[in-house]
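Worksheet: the structure to be examined is printed underneath.
The values are calculated or read from the model by the stated rules, or taken from the named source; none is laboratory data. Model, not experiment: these values are computed from the prediction. Quick reminder, even Gly has a Cβ in these numbers, built from the backbone with ideal geometry, and neighbours come from all protein chains shown. Calculation scope for accessible area: heavy atoms of the full protein, side chains included, ligands and nucleic acids excluded. Shrake-Rupley method; radii C 1.70, N 1.55, O 1.52, S 1.80 Å.
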Amino acid sequence: MNTKNNQETYQNYHGNDLVNTQATLEAENMVLGAVFLEPDIIHEITLEPEHFSIAKNKILFKVMRDLALEGIGIDPMTVADKLGSKVENIGGPSYITELALSCPTAENVGAYERIVLEHYKRRNLISAAAKFMNEQTDEAADDFYKKYIEMQELGLKKERNKTDVLYEIFQEMHEDKGELTGIDTGFTELNNMTGGLKGGDLIIIAGRPSMGKTAFALNIAANCCNKQGIADIFSLEMPEKQLVHRILSSLSNVEGSKWRNPYRMFSASDYDKANFAMEQYGKWDIYIHDEPKQTVTDIRAAVRKTQRKHPEQNHVVVIDYLQLITVLGRFERYDLAIGSITKELKQMARQFNVPVILLSQLSRAVEQRQDKRPMMSDLRDSGSIEQDADIIMMLYREDYYDRETQNKNIVEVNIAKHRNGPVGVIQLLFEREFSKFQNLEWRRSENNE
């Protein structure tokens, strides 16, 4: 092979030789040569033209793919014919012939693919890092992180045979994982349906105003902390003190309205209960971030910092709420901006292996219907949210719309989407004055009678 010509082409194409190695070029040539040697192997190769480092190899691989899609055999003649007058752009028929003779066996094509892909990742990361170093802006930093995550997730599928999978299943059959496989929410029926909140999941809690979204999420976070876990709470609308008042109310059963002027409104009993609640709260590993303008980059940095402090503890992240997250970059439509946020938060959940609870508004369309129970189509900019979410829970309070209802203080939690489990509606008791959700044990007992 004419490695010198390849190297010159590569340098002309990229303008530098930072990541050029002979191994990269030889691996690319071996992949292309393997296709000439065994044309059907093109269907097993998962590389894309963009993964190749030099222009002519990109062109050749695309031509091979096109021929395969058209059902035409791949050999030097058909490739040259497909290229037509453009054949000289890739070094002429002689370059195609050299490639066809370069690979002695297609047996190791998987190893060549991995080399090509790893060098593609490296080139992209170096380019993104250079852009950040030149610009040093928040947007450039966010672009670099996005590129890093994209490259981390890019890879060839690891082949596993049936024996490997069956062995894992056999081991699980003899391993007691306890009642829950995820983080305890504190609510029996919700635990039964979800098995607890799983690391890597993006969980949407949606509802119209005053349905109890924030209180519900705070109760879940508080239960995690109460069991030696940790919580990051990002409040983009409510200040930290107000959130802490709500948490203390749920712990102490002191009415939230009394915190506005405790000196005048607290009874002696309230003081005792409040002091006990504050002592308990003070022991928790809970971090409230109440800056009004936060980007996904800000959220990610804070979560990473928390994980460095507490690497071994159960960790839950709460974000209140989606539509207030600051968007970096420009988007043609608002729904595309929202889609970029939910995608990044899902990636963050997977990267840090934490459940991310994301609160979301519902559209006003709910108020126009006779039945005010929300549906997934009521999610604002719902397409991307539905796609990226693992669990979608929608809250509904009948007593908000009908003051005469017998279902006082009852919140319906409709699990409308559950990627890895059942869907359905559960009911919880919501003591709004205390910002407190509880199990409806009495309701279940009544139904069993």
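Structure notes:
- Evaluated against (1) buried (at least 20 other Cβ atoms within 10 Å of the Cβ); (2) part of a loop (DSSP other than H, G, I, E, B); (3) polar (S, T, N, Q), Gln228 falls short on exactly one condition, (1).
- Residues of region 84-116 that are surrounded by 17 or more Cβ atoms within 10 Å (Cβ to Cβ), among the small types (Gly, Ala, Ser) and either over 17 Å from Val35 (Cα atoms) or in contact with a strand residue (DSSP E or B) (Cβ under 8 Å, 6 or more places away or on another chain) (or both): Gly91 alone.
- Qualifying residue in region 158-173 (condition: modelled with pLDDT of 80 or more, aromatic (Phe, Trp, Tyr) and open to solvent by less than 90 Å² (accessible area, probe 1.4 Å)): no
- Residue in region 136-143 that is surrounded by 19 or more Cβ atoms within 10 Å (Cβ to Cβ) and touching a His at 6+ places or on another chain (Cβ under 6 Å) present: no
- Pick from region 27-49, criterion assigned to a loop (DSSP other than H, G, I, E, B) and of a type in the set (D, E, K, R), ranking: surrounded by the fewest Cβ atoms within 10 Å (Cβ to Cβ): Glu44
- Exactly one residue among Lys258, Lys273 is open to solvent by 70 Å² or more (accessible area, probe 1.4 Å) and in a helix (DSSP H, G or I), and that residue is Lys273.
- Filter result for Phe52 (open to solvent by less than 70 Å² (accessible area, probe 1.4 Å), farther than 19 Å from Pro104 by Cα and aromatic (Phe, Trp, Tyr)): yes
- Restricting attention to region 334-366, the residues being assigned to a loop (DSSP other than H, G, I, E, B) and either of a type in the set (Ser, Thr, Tyr) or surrounded by 17 or more Cβ atoms within 10 Å (Cβ to Cβ) (or both) number 4.
- Residue match in region 68-90 (condition: over 35 Å from the mean Cα position of the chain (by Cα), assigned to a helix (DSSP H, G or I) and closer than 20 Å to Ile115 by Cβ): no
- Going through (1) without any contact (Cβ under 8 Å) to a residue 12 or more places away in the chain; (2) within 20 Å of the chain's Cα centre (by Cα) one by one, Ala302 falls short only on (1).
- Check on Ile59, of a type in the set (A, V, I, L, M, F, W, C), assigned to a helix (DSSP H, G or I) and closer than 18 Å to Glu88 by Cα: yes
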